[in-house]
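The structure appears right after this line, and notes come after that.
The values are calculated or read from the model by the stated rules, or taken from the named source; none is laboratory data. Nothing here was measured: the structure is a model prediction, and the numbers come from that model. For neighbour counting, all protein chains shown are included, and Cβ atoms are generated from backbone atoms with ideal geometry for every residue, glycine included.
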Amino acid sequence: MPIGLLYPEVFGAVLKCRIIFVKKDKTMKSLKWMMTEPPNFRNVPEKPGVYIISTRQEVDHAYEVKYVGKAENLRARANDHWSKKEPNKALRDHIAEDYAMKFNYSEVADASHRDGMELYMYNYYSPPFNTEPPQGDTVVKCMLPGVRKPIKS
């Protein structure tokens, strides 16, 4: 498991967290993860990358991963998820119920790396709102932000 150090930074009304990792596994790709609280996505870049959607749990207030994905345009994809047109019913219902949520993202320019990182995050977190596994079979290990795996009930 990667070791992470959290450095909060405030930009206007948006708190971003920069997570710096100490590599334990030399095969892992280093990523700079940023975080924003929806629905404020104006600081999310219009660039390709991978992302994690997590919700705060009522019992212990820890954030738990619910969905992972990749995007050609991170800001557009985040806005799509938080629109009434979101096709994923579980995610749409969670958003409609106004759960405390976080959108963690990292810019990744290379499409094959995005595909492999999405698969790695999917395998690692087993997010309950992803209805289908990602395409592809090549996993690209990457550093992950400090968000808890879903607890199996």
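Every condition in (1) at pLDDT 95 or above; (2) closer than 19 Å to P127 by Cα; (3) surrounded by fewer than 13 Cβ atoms within 10 Å (Cβ to Cβ) holds for Y105 except the one numbered (3). Every condition in (1) in a helix (DSSP H, G or I); (2) in contact with a helix residue (DSSP H, G or I) (Cβ under 7 Å, 6 or more places away or on another chain); (3) of a type in the set (D, E) is met by E118 except one, and the failing one is (2).
Has the stretch 90-97 got at least one residue that is crowded, with 20+ Cβ neighbours inside 10 Å and either more than 16 Å from G49 (Cα to Cα) or out of contact with any Cys (no Cβ under 7 Å at 6 or more places or on another chain) (or both)? So far as the stretch 90-97 goes, yes, one or more of its residues are crowded, with 20+ Cβ neighbours inside 10 Å and either more than 16 Å from G49 (Cα to Cα) or out of contact with any Cys (no Cβ under 7 Å at 6 or more places or on another chain) (or both).
Within this structure, E86 passes the test of being surrounded by fewer than 17 Cβ atoms within 10 Å (Cβ to Cβ), assigned to a loop (DSSP other than H, G, I, E, B), at pLDDT below 95 and in contact with a Lys or Arg (Cβ under 7 Å, 6 or more places away or on another chain).
Scanning the stretch 28-58 for residues that are among the basic types (K, R) and within 22 Å of Y99 (Cβ to Cβ) turns up R42, R56.
Within the stretch 124-138, is even one residue surrounded by 21 or more Cβ atoms within 10 Å (Cβ to Cβ) and hydroxyl-bearing (S, T, Y)? Yes: one or more hits.
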